[in-house]
Amino acid sequence: MLGHTKESDEDRLVSLYRSAFPACAKMIHRMGGTLEQAKDCFHDALLIFMEKEKSGSLRLHSSPEAYILGTARICWLRFVNGTRALPLPDEFETAEVQEETSEEKEKALLQYLQSAGKKCLELLSAFYYEQSSLQDIAIRFGFKGRRSATVQKFKCLEKVRQNV
């Protein structure tokens, strides 16, 4: 944050918070934490990021968001193990969360869609990828009408959401 004005630092902080906190909260929740615990870990990670950046010792191997997320994960693990202490050693950077490539994201999405069933996969593919109308989908899949196709699409999306 060297060479920045106070206002641009605050804007950057808000931007980092908006872009990284939702993923952090989701990660901590998946590991059994609460929203308050996610906030604590995120704030610790953000503080570490800012201190390292200000001191010039920050070495990014990916995005700032990935760095903060990796740091928050380590903060959470330390919290769970009862060894919550700042600052983190320099070696922790090797545990930094790597950003998923678009190919990995597509593969994961396909697995979620497949887990909902073949018919749901075909229905959602027809709607989102082929951009077929709900009326065309109703005819193609043998539904009574557009409303039935809409309900089935919703049910398929709910199956995918449950798996995610």
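The values are calculated or read from the model by the stated rules, or taken from the named source; none is laboratory data. Source: prediction; values computed, not measured. Ligands, DNA and RNA are stripped out before the accessible areas are found, and what is left, the full protein with its side chains, is counted by its heavy atoms. Shrake-Rupley method; radii C 1.70, N 1.55, O 1.52, S 1.80 Å.
Rounded to whole numbers, the Karplus 3J(HN,Hα) couplings from phi for the stretch 27-32 are 4, 5, 4, 4, 8, x Hz, using 6.51 cos²θ - 1.76 cosθ + 1.60 with θ = phi - 60°, and x at Gly and Pro.
Cross-link partners among lysines for Lys26, C-alpha distance below 21 Å, same-chain residues fewer than 8 apart left out? Straight-distance partners of Lys26: Lys39, Lys105, Lys107, Lys159. Accessible surface ranking for Phe79, Phe127, Phe154, 1.4 angstrom probe, highest first: Phe154, Phe79, Phe127.
Annotation: amide H-H contacts under 5 Å for Gly33 (H modelled 1.01 Å from N, sequence separation of 5 or more, or interchain): none.
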